[in-house]
Every structure is written in structure tokens, then in C-alpha cells.
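Below is one structure; the comments refer to it alone.
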Amino acid sequence: MKTGIFYGSTTGTTREVAEIIAKRLGIDAADVHDVAKSAPSAVGGYDLLICGASTWGDGEAQTDWLDFLDGMDMIDLKGKKVALFGCGDETMSDTFCSGVGELYKRLKHTGAEFVGSYPADVYHFHHSDAIVDGAPVGLLLDQVNHPDLTSGRIDGWLLTLND
């Protein structure tokens, strides 16, 4: 299964997580895409899309995703799998990792199969748009308050992608 990683990062945290995921999966750097520098059509060459976003403002995905998602909205992703991950700060209790939820909402109509729901009960927050029907739509990480949990959470999440 050919895997591509797509991320948007303002401060570098989501990029760092994307690079960790790529290293653990043995994915070549050419298959790790900063959405600010990539065309949405790049997703066509992959069977599994791993998409990562941080959360900004009132719960929006990182701004580089906006144009990229507009392009992805037009692509039929039927037959592809999408795994989402995101970075947030649990002290932003009403919007924790909601950028991941925005990716999910924008891509759910594309025909893709979403994989990689991973428990977020290690964090304490009031609301997240990344929780849909009581479960996270991907891997939620808090590199601000709990960087010590990230490595183990990534490893556990990657195991779910093989199911």
C-alpha cells in the first residue's frame, strides 16, 4: 500500500510529528508533503493518505490546509484510506484538536475510508470537533502539555492503520 503523508504546519510541530510518522513507517521524504507547497492532485498517487493539521483560532485547521482542502473536495477518493492526526493544546479546552475534525468534515463526502481512530482519554478537554459520534476521528496529540505521551501514542496509532 503506497502511503503519502500530507501536513500543514505553522510552528513546525505538526511537521515534526509527520516526520516521526514517516520514519516509523519507512516512508521516503519525497512522500511527505507540506500542503503549502503541494498540489491537491498529489494525493492521487497514494492508497493511504495520512493527513495532519494543528488547530488555530476558534478551532480551525492550520491555514495552509484551506486551499488544499478546496482542491481535495473535487477529488474522488473512493478506494483510498485516510488517517488523520493533529496537534493541539488541551488547555484550549473548547477546541482541542478541532482542526482534525475540520479535515474529517471536509473529506468525509469524498468516498475515502477513514481509518485510525485512537482514544484521546489521556487528555482533559471539554470539546473537540475531532470527536464524532463519541470517538476521535484520528490521532490527537498534545505536544505542549504532554510531549512525553507522543511517541507511544504514535506507535499505538500506527498499529491501527494495519487493521
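Once the 1.4 Å probe is applied to the protein heavy atoms, region 1-90 comes out at 45 Å² accessible per residue.
The shape of the chain comes out rounded: with a ≥ b ≥ c from the C-alpha gyration tensor, a/c is under 1.5.
Taking the helices alone, the chain has a mean residue ellipticity at 222 nm of -8500 deg cm²/dmol, built from -39,500 (n - 2.57) per DSSP H run of at least 4 residues and averaged over all its residues. The apolar share of the surface of region 1-117, taken as the fraction of accessible area on carbon and sulfur atoms (1.4 Å probe, ligands and nucleic acids excluded), comes to 50 percent. Rounded to the nearest 10 degrees, the angle from helix 147-160 to the longest Cα principal axis of the chain is 40 degrees. With a threshold of 20 Å on the Cα-Cα distance, the over-threshold entries among K78/K108; K37/K78; K2/K78; K2/K81 are K37/K78.
The H on the amide N of V115, modeled in the peptide plane, is under 5 Å from the matching H of V82, A83, L84, each at least 5 residues off or on a different chain. Here the chain is scanned for trypsin sites (Lys or Arg not before Pro) in DSSP loops (not H, G, I, E, B) that have at most 14 other Cβ atoms within 10 Å, and the longest stretch holding none of them is 79-163.
The values are calculated or read from the model by the stated rules, or taken from the named source; none is laboratory data. This structure is a prediction, so every number in the text was calculated from the model and none was measured. Note that we place each Cβ from the backbone using ideal geometry, even for glycine, and neighbour counts take in every protein chain shown. These area figures cover heavy atoms from the full protein model, side chains too; ligands, DNA and RNA do not enter into them. Shrake-Rupley method; radii C 1.70, N 1.55, O 1.52, S 1.80 Å.
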